[in-house]
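Everything below concerns the one structure shown next.
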Amino acid sequence: MSEDRLLNRKRLSAEHPIRIDDDTEAREAVEQAQFALALLRTQGEAADEGALRSAKASLTRAKKKLRACYEWIPLRAMEVDAFEKLVGEHKPRPETSDEIWNNETLPKAVLLACDESGRSEADWEHIFTHVLNGPEQLQLCNTAIRVNARTPDASLPKGWAQIED
């Protein structure tokens with residue numbers, strides 16, 4: 001009997017990037033390394049193996065430098081019933097734009113519940129008050145909600161799951 005993937009589904013996880021350092025040079029280095037590697041690959045079998053290895057190593061180094069420009073916040077989805085309970089505790093407010101939950105209180109509550117960085121609630125309060133601007137806070141909380149609501153990855157192409165006859 002084969003393993004039932006749906007019954008054994010693991011809780012989803014995500015890493016949310018927050019830029020700490022200027023990433024301009026690191027992004028350019030990644031682009032240049034990708035271009036150099038792509039150029040070598042267009043040569044097919046005529047490409048020098050040593051040059052290919054070197055280009056791949058350069059790309060790996062460039063990606064590491066780019067990644068180092070960010071602090072990565074590890075998030076893991078809560079158990080489904082815990083997430084549903086939390087949503088129930090943050091009901092929509094009357095006469096607001098709230099539709100499914102309280103847009104003021106739930107996002108941060110979800111972040112606190114699924115953050116695996118080891119930061120305390122006091123740490124997050126300081127970060128929200130003194131470190132992150134509004135759009136950064138929104139993006140971070142949206143990632144936490146997305147991993148818990150299990151919404152499809154926005155990077156998947158439109159119609160990717162359609163079956164054609």
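The values are calculated or read from the model by the stated rules, or taken from the named source; none is laboratory data. These figures come from a predicted structure and were not determined experimentally. Because the Cβ atoms are built from the backbone with ideal geometry, glycine has one as well, and the counts that use them run over all protein chains shown.
Mind listing just one residue for me: the one in segment 113-148 that is in contact with a helix residue (DSSP H, G or I) (Cβ under 7 Å, 6 or more places away or on another chain) and among the small types (Gly, Ala, Ser) and, of those, nearest to Glu89 (Cα to Cα)? Only one residue tops the list, namely Ala113.
In this structure, is Ala62 modelled with pLDDT of 95 or more, among the small types (Gly, Ala, Ser), buried (at least 17 other Cβ atoms within 10 Å of the Cβ) and touching an Asp or Glu at 6+ places or on another chain (Cβ under 9 Å)? Yes: the conditions hold for Ala62. All conditions in (1) among the basic types (Lys, Arg); (2) touching a helix residue (DSSP H, G or I) at 6+ places or on another chain (Cβ under 9 Å); (3) more than 16 Å from Ala149 (Cα to Cα) hold for Arg76, with the sole exception of (3). Residues that are outside any helix (DSSP H, G or I), free of Cβ contacts under 8 Å to residues at least 24 places away in the same chain and β-branched (Val, Ile, Thr) within segment 1-48 comprise just one, Thr42. For segment 52-64, state whether one or more residues are over 29 Å from Ser117 (Cβ atoms), outside any helix (DSSP H, G or I) and of a type in the set (Lys, Arg). No, segment 52-64 contains no residue that is over 29 Å from Ser117 (Cβ atoms), outside any helix (DSSP H, G or I) and of a type in the set (Lys, Arg). The number of residues in segment 143-165 being surrounded by 10 or more Cβ atoms within 10 Å (Cβ to Cβ) and modelled with pLDDT under 75 comes to 1. The C-beta contact set for segment 127-156 (first residue of a type in the set (Ser, Thr, Tyr), second residue outside any loop (DSSP other than H, G, I, E, B), distance under 9 angstrom, 6+ apart or interchain) comprises Thr143/Ala14; Thr143/Glu15; Thr143/His16; Thr143/Ile73; Thr143/Leu75; Thr143/Leu111; Thr151/Ile145.
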